[in-house]
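S.K.: Attaching a single structure in structure tokens format; questions to follow.
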Amino acid sequence: MYSLDEDCVRSFCSFVTQVNGQIILTSSWRSGFVDTLSKENTPQIKTLENMLLVHGIKIMDKTPYLPGRKRDKEIERFLYLKEFDAMHEDYIIIDDDKDEFGVVGKKNYFTDPAQGFCKLDVKQCLKLCRR
């Protein structure tokens, strides 16, 4: 738990760069994220941010925590609060735990939790983004 693999981070950054994406934390890691590059972020988030910065990428925001709700509802709330028009904007939800979602939509992509985000995931996510 809370481990980072440099190859996985590199693959993830490759994907984010190719789609000109932004990172919004939805995972349990978000509890340690206060703000972009904040001194108040947990050590794990600071380590992640440093690894992302090597690739020119920053964490932009996080979804709210809604007790008793699944992640898909937290993501919906985030999109609503940010006035993000999900019908006209491209986004993809990447996670490694389907059980955290009540509804799995077309924009969900699930990685193998034992393997992490690898080069194959980059290819699959790019295909998903092109749909």
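Just so it is clear, none of the values below were taken in a lab; they were calculated from the coordinates. All of these numbers come straight from a predicted model, not from anything done at the bench. Every residue, glycine as well, gets a Cβ built from its backbone with ideal geometry; the counts of neighbours run over all protein chains shown.
S.K.: Pairs only if they're at least six apart or on different chains, beta carbon under 6 angstrom, first in region 107-131 and touching a residue at least 12 places away in the same chain (Cβ under 8 Å), second assigned to a loop (DSSP other than H, G, I, E, B) and aromatic (Phe, Trp, Tyr); list them, first residue then second.
M.R.: Qualifying pairs under 6 Å: 111/117.
S.K.: Select from region 24-47 the residues that are β-branched (Val, Ile, Thr) and either assigned to a loop (DSSP other than H, G, I, E, B) or in contact with a helix residue (DSSP H, G or I) (Cβ under 8 Å, 6 or more places away or on another chain) (or both) and list them in ascending order.
M.R.: 24, 26, 34, 36, 42, 45
S.K.: Kindly check whether there is at least one residue in region 117-131 that is assigned to a loop (DSSP other than H, G, I, E, B), surrounded by 14 or more Cβ atoms within 10 Å (Cβ to Cβ), touching a strand residue (DSSP E or B) at 6+ places or on another chain (Cβ under 8 Å) and not aromatic (Phe, Trp, Tyr).
M.R.: So far as region 117-131 goes, no, none of its residues is assigned to a loop (DSSP other than H, G, I, E, B), surrounded by 14 or more Cβ atoms within 10 Å (Cβ to Cβ), touching a strand residue (DSSP E or B) at 6+ places or on another chain (Cβ under 8 Å) and not aromatic (Phe, Trp, Tyr).
S.K.: For region 7-23, which residues satisfy the criterion of being out of contact with any helix residue (DSSP H, G or I) (no Cβ under 7 Å at 6 or more places or on another chain) and either more than 19 Å from residue 82 (Cβ to Cβ) or buried (at least 16 other Cβ atoms within 10 Å of the Cβ) (or both)?
M.R.: Of the residues in region 7-23, the ones out of contact with any helix residue (DSSP H, G or I) (no Cβ under 7 Å at 6 or more places or on another chain) are 7-8, 10, 12, 16-17, 20-22.
Answer for region 7-23, where residues must be out of contact with any helix residue (DSSP H, G or I) (no Cβ under 7 Å at 6 or more places or on another chain) and either more than 19 Å from residue 82 (Cβ to Cβ) or buried (at least 16 other Cβ atoms within 10 Å of the Cβ) (or both): 7, 8, 10, 12, 16, 17, 21.
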